[in-house]
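S.K.: Have a look at the structure that comes next, please.
A short reminder: the numbers here are calculations on the coordinates, not readings from a lab. As the structure is a computational prediction, the values presented were derived from the model and not from experiment. All Cβ positions, glycine included, derive from the backbone under ideal geometry; neighbour counts span all protein chains shown.
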Amino acid sequence: MAPPSPHALVIPYPAQGHVIPLLELAHALVDRGFTVTFANSEFNHRRVVAAAMPESESPTLLGRRGIRLVAVPDGMGPGEDRNDIVRLTLLTAEHMAPRVEDLIRRSRDGDGGAEGGPITCVVADYNVGAWALDVARRTGVRSAAIWPASAAVLASLLSIDKLIQDKIIDPQDGSALSQGTFQLSPDMPVMQTSHLAWNCIGNHDGQEALFRYLRAGVRAVEECDFILCNSFHDAEPATFARFPRIVPVGPLLTGERRRRGSGGKQAAAVVGHFWRPEDGACMAWLNAQAARSVVYVAFGSHTMFDARQFRELALGLELSGRPFLWVVRPDIVLGGGGIHGYPDGFLDRVSATGRGMVVAWSPQQRVLAHPAVACFVSHCGWNSTMEGVRNGVPFLAWPYFTDQFVNQAYICDVWKVGLPAEADESGVVTKEHIASRVEELMGDAGMRERVEDMKRAARGSVTRGGSSHRNFDMFVQAMKRRESIDSQNN
Ligand code: UDP
């Protein structure tokens, strides 16, 4: 009997910054001959389908040939707050695990045979690893974890036991003990204990629950066949030297996939947006701007501003005198209930002068690749960081949460491809500061040279012969092998 053709079950953590890179990984697996079943939570599946579907097409035309998009309930009710990370994480583990196991077993019974045959491996987001990798083990398929953020932050998770041993964090709830910072090796970034994910939750029960969940995840991940990371060797050489099990395969080329649409025309392939990007408006506006003139401003999918900071940012962009493209999600202002509270007359001035454009969601990858873009005011989410680097765009680095602070340290102190946004004594990043930092970034020739070097290194790593490309080949070959690791070892 012919061996089953390789069929990967790819499972993202249910958040925007996870679904986008994992879907890109799914496309990359299809490029190498895999069939992929992509298991989104039902809630996100609906958003991805709605955002990707051109008015004229039916959902069945959506997926690329070779990728089957499936929906699995996450256990939350329709109106529940999915920004409650702890509840979402725990409910997902409880509700998705049995259904995913069932999906794998049914694929062997011929159910799904028409769509790829039996599932032969699981590629799970590290953040669902605690349950998804157990499911893989129970069902006897190969498995890999993928971490869609920096290797340094992954290394801090894999070092939880050591941090406990060294009395840096508490064994019960992971809170800081004596010192506020730690360094896993001399060349790695210094990290703050208060920025570890569980220490940012804001309530003790939630903190303890997330700490326990992530600690359990370490054991599951250590037993899987591969630990992949959306980073590249030259970005974090010290971390890859100290933690050789972490295999860099990035930066994953998210957001640029094309496919044949109706009538043979090229159309955007599904890349996992939760909101429909204002593609035409952004690109037409950018096309009308001078080369390297535009300030692109986007804070990812979660970050929220208080009303005062939001207004100050608007005024700072005006004060800079530069053209700007600003992503303002409907929910970006804390307690705003969808009302943004722009400064008086701001939107009228913006539209009258044509000097700025405000959108609810952009095709960020395409924006950053546009020659008109000069700098990126960013919250330093890892995807945004990699996307800026891969396109050679310097940063005004403005982190809010957990790993974004380590990413800021990489951008500003290690790679030196950006400047930090600094708050004044009242906690606000002022309009004057924003405008002057933008000016500094625009005029810094050394910064431009360094970011071009990073761009070359990032792109080199994912082209044939580059380190991430070779690593991905090795991973693909291992996942395609038919026998399980256990039977090899016996
Ligand atoms: N993104 C986008 N359009 C926007 C803002 C963000 O396509 O207007 C994408 C961005 O390209 C990235 C992801 O959303 O791939 C955000 O991930 P990141 O890790 O930067 O931030 P998070 O949302 O996880 O905080």
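S.K.: Contact order normalised by length for region 348-490, with contacts defined as Cα pairs under 8 Å and 6 or more residues apart; what percent is it?
M.R.: With pairs under 8 Å counted, the relative contact order is 18 percent.
S.K.: Taking the Cα centre of the chain as origin and charging only Cβ (+1 Lys, Arg; -1 Asp, Glu), how large is the dipole, in debye to the nearest 20?
M.R.: Dipole about the Cα centre, nearest 20: 1800 debye.
S.K.: When the Karplus curve 6.51 cos²θ - 1.76 cosθ + 1.60 is applied with θ = phi - 60°, which whole-Hz ³J(HN,Hα) does each residue of region 279-289 get, with x for Gly and Pro?
M.R.: Calculated HN-Hα couplings, in order: 4, x, 5, 4, 6, 5, 5, 4, 4, 8, 9 Hz.
S.K.: Hey, another quick one. Under a Cβ-Cβ cut-off of 15 Å, what is the net charge of the residues other than ILE169 that fall near it, where Lys and Arg count +1 and Asp and Glu count -1?
M.R.: Charge balance in the 15 Å sphere: -1.
S.K.: Hey, another quick one. What is the distance, in nm, between label points placed 7 Å from the Cα along the Cα-to-Cβ direction at SER293 and at THR463?
M.R.: Going by the 7 Å Cα→Cβ label model, 3.0 nm.
S.K.: Follow-up. Would you grab the residues whose amide H sits under 5 Å from the one on TRP147? Only those 5+ places off in sequence or on another chain, please, with H modelled 1.01 Å from N.
M.R.: Amide H neighbours of TRP147, under 5 Å, 5+ apart: TYR126, LEU228, CYS229, ASN230.
S.K.: If the reach is capped at under 18 angstrom between alpha carbons, list the lysines near LYS455, excluding any in the same chain fewer than eight residues apart.
M.R.: The reachable lysines, counting only those whose Cα sits under 18 Å from LYS455, are LYS416.
S.K.: Just need the relative contact order of the chain here, percent rounded to a whole number, with Cα pairs under 8 Å and 6+ apart.
M.R.: Reported relative contact order: 15 percent.
S.K.: What residues qualify as long-range amide H neighbours of ASN40, i.e. H under 5 Å apart, gap of 5 or more or another chain, H built at 1.01 Å from N?
M.R.: VAL70, VAL72
S.K.: Scale the Cα Rg of region 62-185 by the rule-of-thumb value 2.2 N^0.38 Å and send over the ratio, two decimals.
M.R.: 1.34
S.K.: Fully extended, how many nm does the chain gain between ILE339 and SER426 (0.36 nm per residue separation, minus their Cα-Cα distance)?
M.R.: Stretched fully, the ILE339-SER426 segment lengthens by 28.9 nm.
S.K.: Something else now. Name the long-range amide H neighbours of THR35: under 5 Å, sequence gap of 5 or more, or other chain; modelled H, no Pro or chain starts.
M.R.: HIS7, ALA8
S.K.: Between ASP306 and ARG470, what is the spin-label point distance in nm, taking each point 7 Å from the Cα along the Cα→C-beta axis?
M.R.: So the label points at ASP306 and ARG470 sit 5.1 nm apart.
S.K.: How do the peptides 273-279, 416-422 rank, highest first, by the average count of neighbouring beta carbon atoms within 10 Å per residue?
M.R.: So the peptides 273-279, 416-422, ranked by packing, come out 416-422, 273-279.
S.K.: How big is the shadow of the Cα convex hull of region 308-446, averaged over all directions, in nm²?
M.R.: Over all viewing directions, region 308-446 projects a mean Cα-hull area of 8.6 nm².
S.K.: How big is the dipole moment of region 260-418 about its Cα centre under a simple scheme where the beta carbon of each Lys and Arg is +1, that of each Asp and Glu is -1, and everything else is neutral? Debye, nearest 20, please.
M.R.: 500
S.K.: When 1/r is averaged over all different Cα pairs and the result inverted, which Kirkwood radius in Å belongs to the chain?
M.R.: One over the average 1/r among Cα pairs gives 23.4 Å for the chain.
S.K.: Around LEU158, with a cut-off of 10 angstrom between Cβ atoms, what is the net charge of the other residues, counting Lys and Arg +1 and Asp and Glu -1?
M.R.: Working: positive: LYS162, ARG245; negative: ASP161, GLU222.
My count for the surroundings of LEU158 gives 0.
S.K.: For region 443-454, take each phi angle, set θ = phi - 60°, evaluate the Karplus expression 6.51 cos²θ - 1.76 cosθ + 1.60, and give the result in whole Hz per residue in order, putting x for glycine and proline.
M.R.: Working through the residues one at a time gives x, 9, 5, x, 4, 4, 4, 5, 6, 5, 4, 5 Hz.
S.K.: Enter the angle in degrees (range 0 to 90, nearest 10) between the Cα long axis of helix 307-320 and the first principal axis of the Cα atoms of the chain, meaning the one along which they spread out most.
M.R.: Rounded to the nearest ten degrees, it is 60.
S.K.: Okay, next question. Tell me, what is a quarter of the convex hull surface for the C-alpha atoms of region 293-385, in nm² with one decimal?
M.R.: Computing the convex hull of the Cα atoms and averaging its projections yields 5.7 nm².
S.K.: Here's a follow-up. Just order 230-243, 464-477 by mean Cβ neighbour count inside 10 Å, highest at the front, would you?
M.R.: The densest-packed peptide leads the list: 230-243, 464-477.
S.K.: Between ARG32 and ALA352, what length in nm is gained on full extension when 0.36 nm per residue of separation is reduced by their alpha carbon distance?
M.R.: Stretched out fully, the ARG32 to ALA352 stretch lengthens by 110.2 nm.
S.K.: Still on this structure: Work the Kirkwood hydrodynamic radius out for region 147-214: mean of 1/r over every pair of different alpha-carbon atoms, inverted, in Å.
M.R.: 12.1
S.K.: Another question about this same structure. Could you please report the charge total around PHE232, scoring K, R as +1 and D, E as -1 over all other residues with beta-carbon less than 11 angstrom from its beta-carbon? Kindly include the intermediate steps, with their values, before the conclusion.
M.R.: Working: positive: ARG390, ARG459; negative: ASP234, GLU236.
Residues near PHE232 contribute 0 overall.
S.K.: Return the distance in nm (one decimal) between the two label points of a simple spin-label model at ARG106 and ASP173, each offset 7 Å from Cα along Cα→Cβ.
M.R.: Between ARG106 and ASP173, the simple spin-label model gives 4.1 nm.
S.K.: Give the calculated FRET efficiency between GLU440 and SER185 to the nearest 0.05, with a Förster radius of 45 Å applied to their Cβ-Cβ distance.
M.R.: 0.90
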